Amino acid sequence: MNRLLIFILLFNIPLAAATVNEQDLKILGRALANYQLCSDISVELDDKAMFNYYSEMYKYSLLQVSTYSHNDAEIVSEEQQRSMLKLAKIDRKSLGGLCLSRFDLLSRKMQENKLAAKQSR
């Protein structure tokens, strides 16, 4: 148990200590907006595999943000909100096509396998 705790601490200390520049924070905010939007579009398309993929990407990106300072997390959040407003002005069908094009066949197959495993439990 102590070894596991030490491993976790050693793994997380560099993450917390690492400095992230503002441009990287903004890129992460834009990525969150994209993942959120593609997740919403996948619901509209009734595409469970795509939903699972973009939801996981969103969740993992949020976990990354949770390791940042309050100020850095605020920069990410503000950029995410700005990006959501910009994306809302784009044709939804075009955005859906973009989301589908970034969701490659291998990712789809992996997500379908995950969903099948969940359903068989």
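Among the residues of region 1-15, is there at least one that is modelled with pLDDT of 95 or more and among the basic types (Lys, Arg)?
Checked region 1-15: no residue is modelled with pLDDT of 95 or more and among the basic types (Lys, Arg).
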Could you look through region 16-35, keep only residues that are among the polar types (S, T, N, Q) and open to solvent by 90 Å² or more (accessible area, probe 1.4 Å), and pick out the one that is modelled with the highest pLDDT?
Gln23
Need pairs with beta-carbon distance below 7 Å; first residue assigned to a helix (DSSP H, G or I) and within region 103-119, second open to solvent by 40 Å² or more (accessible area, probe 1.4 Å); sequence gap 6+ or separate chains.
Ser107/Tyr53; Gln111/Tyr53; Leu115/Lys48
If we scan region 36-46, do we find a residue that is hydrophobic (A, V, I, L, M, F, W, C), open to solvent by 70 Å² or more (accessible area, probe 1.4 Å), at pLDDT 95 or above and touching a helix residue (DSSP H, G or I) at 6+ places or on another chain (Cβ under 7 Å)?
yes
Could you count how many residues in region 34-73 are closer than 12 Å to Phe103 by Cβ and of a type in the set (A, V, I, L, M, F, W, C)?
7
Would you check if Lys59 is modelled with pLDDT under 95, assigned to a helix (DSSP H, G or I), within 25 Å of Arg108 (Cβ to Cβ) and open to solvent by 80 Å² or more (accessible area, probe 1.4 Å)?
no
The residue from Arg108, Arg121, Arg102 that alone is surrounded by fewer than 16 Cβ atoms within 10 Å (Cβ to Cβ) and closer than 18 Å to Asp40 by Cα is Arg102
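The values are calculated or read from the model by the stated rules, or taken from the named source; none is laboratory data. In this text the structure is predicted, and so the values were computed from the model without any measurement. Because the Cβ atoms are built from the backbone with ideal geometry, glycine has one as well, and the counts that use them run over all protein chains shown. Heavy atoms of the whole protein, side chains included, go into the accessibility calculation; ligands, DNA and RNA do not. Shrake-Rupley method; radii C 1.70, N 1.55, O 1.52, S 1.80 Å.
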